[in-house]
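Below is one structure; the comments refer to it alone.
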Amino acid sequence: MTNNSVSSTARVLGAGLRALLVLTLVCGVLYPLAVTGVAQALFQDKANGSEIKDSGGRVVGSSLIGQRYDLPPKGGEESPAPDLRWFQPRPSNGLGSNSVNTQYSLILSGATNRSGDNKELVQWVTAAKAAVVKDNSTPTYKVNPADVPADAVTSSGSGLDPDISPAYAELQVHRVAEKNNLDVGKVEDLVADHTTGRLLGFMGEPRVNVLELNTALRDLTRG
């Protein structure tokens, strides 16, 4: 009886061990390799994080995550001032700073969670609108407050939106051209080249990826 129990236990343990080895091989090795192979063969860009590279081949970020373009913070500042040489993204405290466009970091994700009539939110939006008008007005171009789009003064739900509206990009053209000593027409063409239309012609809204646009701007200023 004892020998039969030991033999039975050994068979069960052996079967369990074989199942463990087979499932480990299939689920832990073969399946991941197959999925990785298919992803690399058919969706290499997305599988590798939708990386954006500059003209030198350096990875400067992902097209799926926004970045801030700020000046180095000065002593006593609560938050750094925007570097007005670059196109600015939607306002957010969740974006990593990337003033040199060669490194990127992610801080946090989240929305304000405030209602539309929240006094603090109204103050933020009002201040952001005044800043957009002031920062983007030049001696030859004055921004009309009525032309400031919503995405210029509000963050996205995640706080990590990599895109802005074509209207917000166009509003920044004169300031970017002036700060970089570029012809306004060239900067307008740059925005047009990096404007993506609606998916399938009817889904979503036209958009401009800020990192892609600023990467192209950097290449233009170096050219």
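The values are calculated or read from the model by the stated rules, or taken from the named source; none is laboratory data. All values derive from a computational prediction rather than experimental measurement. Glycine also receives a Cβ, built like all others from the backbone with ideal geometry; neighbour counts cover every protein chain displayed.
Just one of the listed residues (167, 152, 192) is of a type in the set (Gly, Ala, Ser) and farther than 24 Å from residue 116 by Cβ, and it is 192.
Looking only at residues in the range 167-188 that are exposed (fewer than 15 other Cβ atoms within 10 Å of the Cβ) and without any contact (Cβ under 8 Å) to a residue 12 or more places away in the chain, the one that is nearest to residue 150 (Cα to Cα) is 185.
Among the residues of the range 9-65, just one is touching a helix residue (DSSP H, G or I) at 6+ places or on another chain (Cβ under 9 Å), charged (D, E, K, R) and assigned to a helix (DSSP H, G or I), namely 46.
Any residue at all in the range 84-92 that's assigned by TED's automatic domain parsing to the domain that holds residue 166 and either out of contact with any helix residue (DSSP H, G or I) (no Cβ under 8 Å at 6 or more places or on another chain) or exposed (fewer than 10 other Cβ atoms within 10 Å of the Cβ) (or both)? Working first, answer last.
Within the range 84-92, the subset assigned by TED's automatic domain parsing to the domain that holds residue 166 is 84-92.
Checking which are either out of contact with any helix residue (DSSP H, G or I) (no Cβ under 8 Å at 6 or more places or on another chain) or exposed (fewer than 10 other Cβ atoms within 10 Å of the Cβ) (or both) leaves us with 92.
Looking through the range 84-92, at least one residue is assigned by TED's automatic domain parsing to the domain that holds residue 166 and either out of contact with any helix residue (DSSP H, G or I) (no Cβ under 8 Å at 6 or more places or on another chain) or exposed (fewer than 10 other Cβ atoms within 10 Å of the Cβ) (or both).
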